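In what follows, a structure is listed as structure tokens, so that the remarks can point back to it.
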Amino acid sequence: MIVLKTFEEINEKIRSGCAVVLTAQEVKELARKEGIKEVAKKVDVVTTATFGAMCSSGAFLNFGHTDPPIKMSKVWLNDVPAYGGIAAVDAYIGATEQSESEGMNYGGAHVIEDLVAGKKIKLRALSYGTDCYPRKEFTGFIDKYSINQAILFNPRNAYQNYNAATNTSDKTLYTYMGVLLPNCGNVNYSTTGELSPLMNDPYLRTIGVGTRIFLGGAIGYVAWEGTQHNPTQERAESGVPIGGGATLALIGDLKKMSPEFLRAAVVKGYGVTLYVGVGVPIPIIDEEMARFVSIRDEEILTNILDYAVPSRSRPVLRRVSYSELKSGNVTIMGKKVPTACLSSISVSIKIAEILKNWIKEGKFLLQQPIQALPMDIRLLPLNETKEE
């Protein structure tokens, strides 16, 4: 395969203001009109994006030392428990942790959104006391300006693909895939299809450790493979996995982010989650990458699973394309069923446009991965075993 451009050559074009940058929507239209070879010749970077619920998210915070100092062993932020078993005044607040007083009406995701918005957060901490950290209690208020570090670190974001969900039972189900009406009353799905980052680089040729991205309204990075990373998933002819595939662990400076692209949400009957805006630039280094970024919704497939079956391996009722899902309805067992996307396509389009403008204005350069993400690992289940 002939390499058309290197990362550095594309960055030089960005610095000089002559890089051709298109959003995922725009490049697919160009490919439809002029073909893959023209995309490879004309386009330097394609911006992809997603904005959806990403439960595996959270933030590391450093509060600074009190006087006398305290070793915080138990920590609450606005009555939401945070994990304090790191160091004296460090804590990790998980997006899905719930308030001890408000339950699932307020949780870690709300704390993160409130921090990003500059609001005051009540900090309560307890300690067992030591000679070097004699203080045993602290109650006060913090905000993003008064603490040292606020690092968004999300162990699993930007799923490459995900299963759709329906419910064949005669009762309503409340799930992380939203409310599922009885008797296949609806189908919910959770990715933006052809706009989503890892759909446009299905074999992770340009995305790896160190990749610079748009994260929550600021610049972030791919830190590692995400948890439940499953690149050996069955793939469609397009190369995109059918159902859950690769995932990314992401990191960035929470203080620089925006509540427009980090939003708390409550999934009825299930719990708290965080909507995260992720935008990934895809460099068009050769014709194969031009083909990948030209993949359309009709080439991306997923399975509709029956969530009425309380099993790790739920039955597949149908295999569908994202063009079918986005049409507003699909047919299951002869019945026309309405569909709904749990991710925001409109916000994803906005993120792709913002990232495109950053690159065109020379504010954002591409970072070649310093290490590839693994492509040969499988997702392992947790099975019950008895102690011998």
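Quick notes
- Legend: residues R156, R124, sorted from most to least accessible area (1.4 Å probe; ligands, DNA and RNA excluded), read R124, R156.
- Against the empirical 2.2 N^0.38 Å (N residues), the chain has a Cα radius of gyration ratio of 1.05.
- P(r), alpha carbons of segment 180-237 - 10 Å bins starting at zero, rounded %: 16, 41, 27, 13, 3
- Centre separation in Å (Cα based) which lies between segment 62-106 and segment 242-258: 22
- Values of log10 I(q)/I(0) for segment 108-214 across q = 0.13, 0.17 Å⁻¹ run -0.85, -0.98, by the Debye formula with one identical scatterer at each alpha carbon and no solvent.
- log₁₀ of I(q)/I(0) at q = 0.14, 0.16, 0.21, 0.26 Å⁻¹ - segment 1-50, Debye sum with one point per alpha carbon: -0.37, -0.48, -0.79, -1.05
- Average Cα contact separation per residue, the chain, under 8 Å, 6 or more apart, as relative contact order %: 24
- Note on surface exposure: D44, D90, D170 rank D170, D90, D44 by accessible area, highest first, 1.4 Å probe.
- Restricting segment 229-287 to trypsin sites (Lys or Arg not before Pro) that sit in a DSSP loop and have at most 13 other Cβ atoms within 10 Å of their own Cβ leaves K268.
- Rolling a 1.4 Å probe over the heavy atoms of the protein chains gives segment 189-337 an accessible area of 34 Å² per residue.
- Subset of K122/K363; K5/K363; K119/K363 violating a 31 Å alpha-carbon distance limit: K122/K363
- Rounded to the nearest 20, the Cβ-based charge dipole of the chain about its Cα centre (Lys and Arg +1, Asp and Glu -1) stands at 560 debye.
- Surface share of carbon and sulfur [accessible, 1.4 angstrom probe, percent] for segment 321-388: 51
- Using only alpha-carbon positions in segment 299-348, the gyration tensor eigenvalues give semi-axes of 20, 14, 11 Å once each is multiplied by 5 and square-rooted (largest first).
- Given charges at Cβ of Lys, Arg, Asp, Glu: segment 74-115 dipole, positive-most of I86, S99, H110: I86
- For the cross-link pairs K28/K335; K41/K350; K28/K350; K171/K335; K171/K268; K120/K255, the ones whose C-alpha atoms lie over 20 Å apart are K28/K335; K41/K350.
- Its residue count N sets the reference 2.2 N^0.38 Å, and the alpha-carbon radius of gyration of segment 1-137 equals 1.70 times that reference.
- Percent carbon-and-sulfur accessible area, segment 169-291, ignoring ligands, DNA and RNA, probe 1.4 Å: 50
The values are calculated or read from the model by the stated rules, or taken from the named source; none is laboratory data. These figures come from a predicted structure and were not determined experimentally. Neighbour counts are summed over all protein chains in view; Cβ atoms, including those assigned to glycine, are modelled from backbone coordinates with ideal geometry. When the accessible area is computed, the model is the full protein with side chains, heavy atoms only, and any ligands, DNA or RNA have been set aside. Shrake-Rupley method; radii C 1.70, N 1.55, O 1.52, S 1.80 Å.
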